[in-house]
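The values are calculated or read from the model by the stated rules, or taken from the named source; none is laboratory data. Values in this document were obtained by computation on a predicted structure and should not be read as measured data. Every residue, glycine as well, gets a Cβ built from its backbone with ideal geometry; the counts of neighbours run over all protein chains shown.
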Amino acid sequence: MFNVDDYIMYGMTGVCKVVDITNEKFINGEKRKYYVLNPIYNNDTIIKIPLDNNKIPIRKVISKGDMNSLINDIPNMEILWIDNERKRMAQFERMLKSGKCEELIKLIRNIKFSKKYARSIGKKIHESDMNIMKEAERLLTEEFAIILNIYPNEVNSYILSQIH
């Protein structure tokens with residue numbers, strides 16, 4: 001259970017702040033508890049989700065220590081490329097929807113590595129791969145920015161300064 005003022009990752013929405021926990025009463029008299037979320041990078045939106053939501057991944061933002069451990073481990077993360085486009089996209093979609101920082105980093109690394117390789121042999125990477133990478137980067141930089149109390153566009157500089 002989350003508390004008011006907690007920062008959470010909510011599915012593909014990204015970083016949200018829990019601004020309230022309310023009871024909603026339905027026409028049939030049923031009461032249900034809801035989190036009221038404010039997406040940090042989309043302030044004009046309010047989201048209400050049931051506390052017992054099982055459909056969309058929701059988790060607390062990771063700690064600064066866990067973030068730094070992940071960053072330090074980036075150079076050691078395995079790069080696995082799947083040549084079959086359908087299988088690759090299915091795998092990338094699973095990694096993206098997991099919302100887990102480690103999976104997002106692996107996804108980004110895989111695509112960036114393949115992009116460099118494709119360029120070296122005069123080819124282009126698929127637009128679908130680039131789109132999924134951009135979405136993974138958005139989710140990751142939003143979360144890291146909240147942890148570090150910086151702007152999302154400053155996250156890449158921070159990561160590069162931490163990798164030895």
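A few points about this structure:
- Condition met for LEU70 (of a type outside the set (D, E, K, R), surrounded by 15 or more Cβ atoms within 10 Å (Cβ to Cβ) and assigned to a helix (DSSP H, G or I)): yes
- Test result for ASN110, surrounded by 13 or more Cβ atoms within 10 Å (Cβ to Cβ), in contact with a Phe, Trp or Tyr (Cβ under 7 Å, 6 or more places away or on another chain), not aliphatic (A, V, I, L, M) and not assigned by TED's automatic domain parsing to the domain that holds VAL15: yes
- Count of the stretch 1-50 residues, restricted to those that are in contact (Cβ under 8 Å) with a residue 60 or more places away in the chain and over 16 Å from ALA145 (Cα atoms), is 2.
- Of all the residues in the stretch 51-104, those that are in contact (Cβ under 8 Å) with a residue 60 or more places away in the chain and among the polar types (S, T, N, Q) number 3.
- Of the numbered criteria (1) touching a helix residue (DSSP H, G or I) at 6+ places or on another chain (Cβ under 8 Å); (2) within 23 Å of TYR41 (Cα to Cα), the one ASN149 fails is (1).
- Restricting attention to the stretch 1-46, the residues that are under 18 Å from the mean Cα position of the chain (by Cα), assigned to a strand (DSSP E or B) and among the hydroxyl-bearing types (Ser, Thr, Tyr) total 2.
- Residues considered: ILE49, ILE132. Of these, the only one that is in a helix (DSSP H, G or I), touching a Phe, Trp or Tyr at 6+ places or on another chain (Cβ under 8 Å) and at pLDDT 90 or above is ILE132.
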